[in-house]
Amino acid sequence: LHIIRIGTGSTAGTYFPIGGLIGNAISNPPGSRPCDRGGSCGVPGLIAVAQSTGGSLDNIKSVEAGTMEMALSQADVAYWSYFGTGAFEGDKPRDSLRALANLFPENIHLIARADAGIETLKDLRGKRVSIGGSGSGSQFDARLILTAFGLRFSDMTLITMDLEPSTNALVAGEIDAFFLVTGAPALAVQDLAERTDISFVPIDGPVANQLAKIFPFFSVGVIPGGVYGDNAETPTLDVGAVLVARADMSDELAYGVTRAIWHPNTAPLLANGHPRAKLMSLAQAAQGIGFKIHPGARRYYVEQGILPVPATDQANVVDRPNSIR
């Protein structure tokens, strides 16, 4: 019997329920019904348990320290952490990280009070803006986006605050807007939309398109309409949610976990468990990562024709990581 801990995030976010679904998919305890008879298609003898955490940065540190065997992370946080660049400039590279899969796109939400007069990013000047908790992926992306769109941090009052305090502060009128990176719909934002009138600010245009070209983890996306009350579809940037492990995970275990996640029998279980899981795609599983994929996972992707043959452990690694200052 082998037990694996999966680092996720807040119970009000997307990582925790998705992590639980993945845990169920890859688990196959002794006595389970065979896969071909409607039972588990997971790794024989494996039990995986999702654990609530502080999110991407906590998860990366926990995997590196060995207190979690696997974890979910924003692709950008994992990328910068791996190289010791960008948001982690000056840190020792965490190059023991390995990617198992790019799971699904997360949306960068910029949520404003409906009466705050914020229709574009430029309208944030003079406003009170929460950019997420200290060390959160939301904080890193907010600073990158504000800089790219020509906004100085001194142009507004930036506040470092976690998700729940941010939603409460927005309702109380203590802040005007906040950034959040999560897969829509997020329970906390659905609840917020019922408590007060909110609007979603687009992150689009030439600057957003350029960011998606420069950084391997960004792509152009949308927050779907109708997922937060009657919200309109809103263009934004997406960042992948990746499943990571350590380099010293055995190739056999990494292969088995990857195979179980993308097994055809797993797809309906995931899709029925959370709306974001419907966007999980084997075709995209090895894309948008930017750092090393675990050899066991790579073997599966090569077998499925997702990665080319021959493939080296250096594939998917950029020559020189892009950095922000």
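The values are calculated or read from the model by the stated rules, or taken from the named source; none is laboratory data. Because the structure is a prediction, the values reported are computed rather than measured. Quick reminder, even Gly has a Cβ in these numbers, built from the backbone with ideal geometry, and neighbours come from all protein chains shown. Only protein heavy atoms, including side chains, enter the accessible area calculation; ligands, DNA and RNA are left aside. Shrake-Rupley method; radii C 1.70, N 1.55, O 1.52, S 1.80 Å.
In the range 112-124, is there at least one residue being closer than 29 Å to Y301 by Cα and of a type in the set (A, V, I, L, M)?
No, the conditions are met nowhere in the range 112-124.
Taking the condition open to solvent by 30 Å² or more (accessible area, probe 1.4 Å), in contact with a Gly (Cβ under 8 Å, 6 or more places away or on another chain) and basic (K, R), does R259 pass?
In short, no.
Quickly run through the range 79-106 and pick out the residues that are open to solvent by less than 10 Å² (accessible area, probe 1.4 Å) and at pLDDT 95 or above.
If the condition is that a residue be open to solvent by less than 10 Å² (accessible area, probe 1.4 Å) and at pLDDT 95 or above, then L97, A99, L100, A101, L103 are the ones that fit.
Any residue in the range 124-136 that is in contact (Cβ under 8 Å) with a residue 60 or more places away in the chain, surrounded by fewer than 22 Cβ atoms within 10 Å (Cβ to Cβ) and among the small types (G, A, S)?
Scanning the range 124-136, I find at least one residue that is in contact (Cβ under 8 Å) with a residue 60 or more places away in the chain, surrounded by fewer than 22 Cβ atoms within 10 Å (Cβ to Cβ) and among the small types (G, A, S), so the answer is yes.
Just name the residue that is surrounded by the most Cβ atoms within 10 Å (Cβ to Cβ) out of those in the range 288-317 that are touching a Gly at 6+ places or on another chain (Cβ under 9 Å), modelled with pLDDT under 90 and not β-branched (V, I, T).
G288
Give the residues of the range 69-111 that are part of a helix (DSSP H, G or I) and either without any contact (Cβ under 8 Å) to a residue 40 or more places away in the chain or over 13 Å from the mean Cα position of the chain (by Cα) (or both), sorted by residue number.
W80, S81, Y82, F83, G86, A87, F88
Could you check how many residues of the range 25-58 are open to solvent by 50 Å² or more (accessible area, probe 1.4 Å), modelled with pLDDT under 90, under 30 Å from K92 (Cβ atoms) and outside any loop (DSSP other than H, G, I, E, B)?
Count: 1.
Restricting the first residue to the range 149-163 and requiring it to be acidic (D, E), which pairs with a second residue that is at pLDDT 95 or above meet a Cβ separation below 6 Å and a spacing of at least six or different chains?
Within 6 Å, the pairs are D155/R125.
Just wondering, is there one or more residues in the range 185-205 that are open to solvent by 30 Å² or more (accessible area, probe 1.4 Å), hydrophobic (A, V, I, L, M, F, W, C), closer than 25 Å to S81 by Cβ and within 21 Å of the chain's Cα centre (by Cα)?
no
What are the residues in the range 59-73 that are open to solvent by 10 Å² or more (accessible area, probe 1.4 Å) and within 19 Å of I22 (Cα to Cα), if any?
Matches in the range 59-73: S62, T67, M68, E69.
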